[in-house]
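Worksheet: one structure, shown below.
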């Protein structure tokens with residue numbers, strides 16, 4: 001009669017039990033990264049949001065003399081999408097990132113890209129013309 005060492009027997013039983021393959025996990029954990037800058041944009045009134053979005057447009061090398069309308073569009077991956085319409089009727093999509101960065105695209109280039117349409121879902125409080133609608137001479 002052949003005698004097996006107990007450790008060999010246990011090892012072979014363990015190997016048979018796990019079918020020799022590594023465990024796999026089909027679960028995907030998504031992580032949403034946000035920044036204080038992204039959250040702060042949601043708290044700004046119309047005038048200050050216009051200033052922030054106008055700065056992003058200028059930082060991208062584009063122009064906008066005055067923002068006449070703006071608001072939050074939708075989250076897109078880890079970015080917050082905003083839109084701003086300037087006094088020349090050009091509409092911009094501004095994507096605010098968790099690293100404080102901003103990417104700006106012309107809204108007329110958005111259709112067909114898979115990005116959300118430049119439609120405001122949440123407008124800020126106040127006026128884009130300043131306090132009580134004044135133009136501030």
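So what is the relative contact order for region 36-125, in percent, with contacts set as C-alpha pairs under 8 Å and at least six apart? Present the calculation step by step, with values, prior to reporting the outcome.
On the way: 166 pairs, mean separation 26.8, N = 90.
For region 36-125, the relative contact order is 30 percent.
Computed extension length for residue 117-residue 129: 1.8 nm, one decimal, from 0.36 nm per residue of separation with the Cα-Cα distance subtracted.
Would you mind ranking 101, 35 so that the residue whose beta carbon has the fewest other beta carbons within 10 Å leads the list? Show your work: numbers first, answer last.
Details: 101 13, 35 16.
By the 10 Å Cβ count, ascending: 101, 35.
A simple spin-label model places pseudo-atoms 7 Å from Cα toward Cβ; at residue 90 and residue 48 they are separated by 2.7 nm.
State the extension gain, in nm to one decimal, for the chain segment bounded by residue 34 and residue 108, taking 0.36 nm per residue of separation less the distance between their alpha-carbons.
Details: separation 74, 0.36 × 74 = 26.64 nm, distance 2.74 nm.
Computed gain between residue 34 and residue 108 is 23.9 nm.
Fewest neighbouring Cβ atoms within 10 Å first, the residues 31, 120, 57 line up as 31, 120, 57.
What FRET efficiency do you get for residue 55 and residue 26 if R0 is 30 Å and r is their Cβ-Cβ distance, rounded to the nearest 0.05? Intermediate values should be presented prior to the final figure.
On the way: r = 44 Å, r/R0 = 1.46.
Once the sixth-power term is evaluated, E becomes 0.10.
Residue order for 43, 83, fewest other beta carbons within 10 angstrom first, comes to 43, 83.
Each reported figure results from applying straightforward, stated rules to the coordinates on display, with no laboratory input. Being a predicted model, the structure only gives us computed values, none of them experimental. Note that each Cβ is placed from the backbone with ideal geometry, even for glycine, and that neighbours are counted across all protein chains shown.
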